[in-house]
Each structure stands twice: as C-alpha cells, then as structure tokens.
Amino acid sequence: MSLRVLHLFSNAKWTGPAEPALNLCVALRGLGVDADFACAPDAGDSVNKVVETARDRGVEPILDFHLKKHRNPVYNWLDLRALTAYLGRERYDLLHCHLDNDHRIAAAVARRVGVQVVRSSYYGEGFPDKPGLAALAALADRIIEPSERALRHDVAAHGLDPTRLRVIPNAVDTDRFDPHRETPDGRRWLNVPHDAFVVGIVARMQTHRHFDDFFAAMRRLADAHPQAYVIVVGRGTHQEKVALEPVRRLGLRDRVRFSGYVDGENYVGMLRAFDVKAFLVPGSDGTCRAVREAMAMAKPIVTADRGMLAEIVDDGVNGFVCDGSGDGLFAALDRFARDRRLTREMGRAAREKALAEFALPVQARRVLDVYEAALGRG
C-alpha cells in the first residue's frame, strides 16, 4: 500500500537543511512514496531558491502556507487553520517536519486530524536547551536523529523515549559528488600546480571556525613540503580578520587560494581539486554535510573531535581525527603529504563509506522503515 507523506519546510532560504530535506523527498519518490514538499512561498527581496530548486528537481512545491522560519503568532495561526483545511481535502498518512517552526504548526494540527508526525533533527549534538523545544520534540511520533551523540543527549537531557528515536545519517547526492564525473578544473581556475598537494577547507570565515589553528598548521606544512597549497572555499563578514590578515602575516600568500563562494558544478570541481579536506568545527549545519560531500568525492578528511565529526570520519580509515590544535592538524596533514598512496587509499575508503552510509537511496529506505514503524506496519 502506497504511503502519502507531506514534508514541511519552514524557510525560504537555501541554507542548512534545505537541500537534504528536498533530496530526501525526491529519493522517497524513487521508492514509490507519494511525497509532497511544502515550503515558504515568500523570500522577501531574495530569490526563493528553495522553490526554484524544487521545480528543477521535478517537485512542484506546495505554497499554500506561510511557513515562516521563526514562530510568529499571526502567521502560525493562519498556517494552523490553512493546514487543517488542507488536510481535510488532501489525505496524508504522515507529516514529515524538518525545522522547529513547521514542527510547531504540524504538531498542533496533527492532534486535530489524527495524522502521525515524523521529525528530522539537524541538531548534530541533540536538541538545544531552548524554551519549549524539548516539549515540542516529545510530541513527535518518531524522530530521525543525525548522530548517536544526538540520540544519547536527547534521551538523557530531554527524557525522550529512545524507542521513538532512530539515527539515520544525512545523505548526499553520490551521483553528483562522484570523483569520476567530469567537472570544472578547480586547480586550473585558481592557478594551482597540477602536481601540488592541496589541502581544502570549506567554511564561512567566522571567528569561531578555528582558522588560526588551521593556518598555523599550514605554515608548518608549507615549510616541510614545497608542493603544499591551500584552497579556501567560502566567504564571510570576518574574512579579513580570520583569513586574509593571517595569511599575509604568516607569509602564505603564494600558497593559499581563496575561491570565494562557489556553487553548482564549480563547487563540485573545487572539491575535486583537493587532495585532503580539513574540517575543524560544525557550523550552522550541525550535521556537517560538507564532510560527507568531500568523502563522496573520495577525499580523506582531517577533522577535529568536535560535535558529531568523529562519527562521520573513522580515524585511520578514511581520515584522521585529532584535537584540532595547530600541532594536531599539522601531524595529520603531514602524514598525508608524505604518503600520497595513503591519501589515495583513505580517499577510496571515504568514497566507499559515502556509498554505503550516505547515499540518498540508503537514507530513503531507512526513512521508509521509520514511516512504517510510525504507522504500526513495521
């Protein structure tokens, strides 16, 4: 019997969980699930990339609700009424929520119409201690957790029922992030020698992202290895303080390339230009999707043991997990720079894990199991 599921996404910005939520909806359709996607219709003066991307991927979004990112008494009340009426006309087996505010709206409606609610959490370390958030989580019939660490936290800190929680890693499009696929040449674009050893980092240039430790490690790596280069992908309001000034002060201007913000095929090509990817601390996306994307591109990871990163990267198998200090980062990167064969072997292992654990069809099958359990069919 086919399932009909309505995904709710209360944001108009292409950030954080937007792509994972939309990708999951598409992958579920591939398994025969009748999955619809409702999102915010109004992006203000900006382009509504969530709507545009949904249509590009063959999903006509439902735009009948306001679905504001933050709780708003007026708009939430209007959405509660509109969703109740909508579910009276369109019968769904489940509501699948992805963000806090769409969960608030769905939880209130679900009790009225008798529909089960599944919540995907993108809090890598568990639901934070925000007013009302634990009570909201408790209203979900099932919660999909991004990590074992998050599950343990939510059971211990918020008293959530572990039988209603399941860890399912967030997925990436392993067909798009495929090292064998033809992509733009990131090295050529940034004038990086073809035989260089390239350490790449993808992160917003913010003060808490530990760029100081990273560049300290890169200064030592550049001294030890004349072919060591850095590609920094991203931008940020603090880029002068956290990146440009340290690069000048440390004498790294000839070794560091700044690509700025890149997307689409240029982003995939930039990942392909890396030999190794460094990732120091989770950002606004606590599930660290950028790490999975690089692993799918067969890039080993050097990461700090922060957040849920040690659950993504298997130390000594598809990368190295260190303490995140300049010394720790240098030691890990130096091992790769000295042994290109090791780099390639761990890169292959990273791709293998991505295919086995992070591929969209794998995630969709696991989510389908959660749906069946929520409906008492599993």
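The numbers here are math on the coordinates, done by the rules we state, and not lab data. On a predicted model such as this, the values are computed, not experimentally measured, just so you know. In this analysis, Cβ positions are derived from the backbone assuming ideal geometry, glycine residues included, and neighbour counts consider all displayed protein chains.
Annotations for the structure displayed:
- Of the chymotrypsin sites (Phe, Trp or Tyr not before Pro) in the range 247-325, those whose Cβ has at most 10 other Cβ within 10 Å and which sit in DSSP loop: none
- Square roots of five times the Cα gyration tensor eigenvalues for the range 186-358, Å: 21, 18, 17
- Listed by chain and number, the lysines placed with their C-alpha closer than 16 angstrom to that of residue 69 are 13, 49, 130; residues fewer than eight positions away on the same chain are left out.
- For P(r) over Cα pairs in 10 Å bins from 0, in percent, calculated from these coordinates, the label among [x] 5, 21, 31, 27, 11, 4, 1, 0; [y] 5, 25, 35, 25, 8, 1; [z] 5, 23, 31, 23, 13, 4, 0: [z]
- At q = 0.14, 0.20, 0.28, 0.30 Å⁻¹ the log10 of I(q)/I(0) for the range 128-179 amounts to -0.43, -0.68, -1.12, -1.24, computed by Debye summation with a single uniform scatterer per C-alpha, solvent ignored.
- Between the residues 77, 128, 95, the greatest Cα displacement towards the positive end of the dipole of the range 76-130, with unit charges on the Cβ of Lys, Arg, Asp and Glu, is found for 77.
- Residue (of 225, 116, 303) at the positive-pole extreme of the chain, dipole from beta-carbon charges: 225
- Among the trypsin sites (Lys or Arg not before Pro) within the range 271-378, those in coil by DSSP and having at most 16 neighbouring Cβ atoms inside 10 Å are 377.
- Cα centre as origin, Lys/Arg/Asp/Glu Cβ charges: the chain dipole, Debye: 240
- Of the residues 362, 59, 113, the one that moves most in a GNM of the chain with alpha-carbon contacts below 10 Å is 113.
- Whole-Å distance, taken between Cα centres, linking the range 236-287 and the range 335-378: 25
- Straight-line reach from residue 241: taking Cα to Cα under 26 Å and skipping same-chain neighbours fewer than 8 places apart, the lysines in range are 277.
- Helix 18-30 and the longest principal axis of the C-alpha atoms of the chain enclose an angle of approximately 60°.
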